[in-house]
Amino acid sequence: MTGLVKRYGATVAINGISFRVERGDFFGFIGANGTGKSSTPRILATFLAPDSGTARVFGQATRGEVHRRGLRHRSVHVFLFNSRGELFLQKRAVTKDTFPGCYDSSASGHLDAGESYDACAAREMEEELGLTPADAPVLTPLFKLPACLETGWENVMFYTCQSDATPRPNPREIESGRFFTLAEVLAMVQEDPGRFAPAFVKLPGKFGQQMGGA
């Protein structure tokens, strides 16, 4: 960790701290309230973004190991809307190792080591839907879901995007996909949530809350 800074309004909770914790070491924080004891580990866990500085956690695991051991990790989900306000849903390929044949967000995926959420969202849009930044130029981050059982222990950053470019689903990832009205999506989830990947089921309600409060 180098030069980490986190502010809450005019209050500076973390003021340029730097340290390194070696493998096997135990490290704790002692200090008065408001001195960054909670904010620092929340930044390391990707629940908070620093205002400046860098924080890196070393160590990698394969995707299979991460899921098998229930390790917390990072992912993105993207809702792609057309100009009519319809949402593109993908139906996961039956060859997928998790939730085959289930409906899911327009695009989603794990972050690579060292990759940012924004870069991952753009990469997944191209890899899964064939949409380049020229096709879908603005990916807007709205909120983050903390890791839990339903998300597969993923810290999920949620994005929205609007484009009338035609998605070209990757057949290795996606069996099929099409645009639905939001009313159709909500009715489908209510009627049979088992048709959807569990993380997706949490997203429409949270999205509605976010937009309702905007």
Out of (1) outside the structural domain of Ala183 (by TED's automatic domain parsing); (2) modelled with pLDDT under 80; (3) among the charged types (D, E, K, R), the one Arg68 does not meet is (1)
Kindly list the number of the only condition in (1) modelled with pLDDT under 75; (2) surrounded by 14 or more Cβ atoms within 10 Å (Cβ to Cβ); (3) within 20 Å of Glu124 (Cα to Cα) that fails for Phe79. (1)
Any residue that is within 18 Å of the chain's Cα centre (by Cα), among the aromatic types (Phe, Trp, Tyr) and buried (at least 16 other Cβ atoms within 10 Å of the Cβ) - is there at least one of those in the range 137-151? no
Between residues in the range 105-129 that are assigned by TED's automatic domain parsing to the domain that holds Gly152 and residues that are surrounded by 16 or more Cβ atoms within 10 Å (Cβ to Cβ) and among the acidic types (Asp, Glu), which pairs lie under 7 Å by C-beta distance while being six or more apart or on different chains? Ala107/Glu124; Ala107/Glu128; Ser108/Glu124; Gly109/Glu124; Glu128/Glu173
Do we find a residue being closer than 19 Å to Cys148 by Cβ, part of a helix (DSSP H, G or I) and under 20 Å from the mean Cα position of the chain (by Cα) anywhere in the range 192-199? yes
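The values are calculated or read from the model by the stated rules, or taken from the named source; none is laboratory data. Please read these numbers as outputs of a predicted model, since none were measured by experiment. Here the Cβ is made from the backbone with ideal geometry for all residues, glycine too, and neighbour counts use every protein chain on show.
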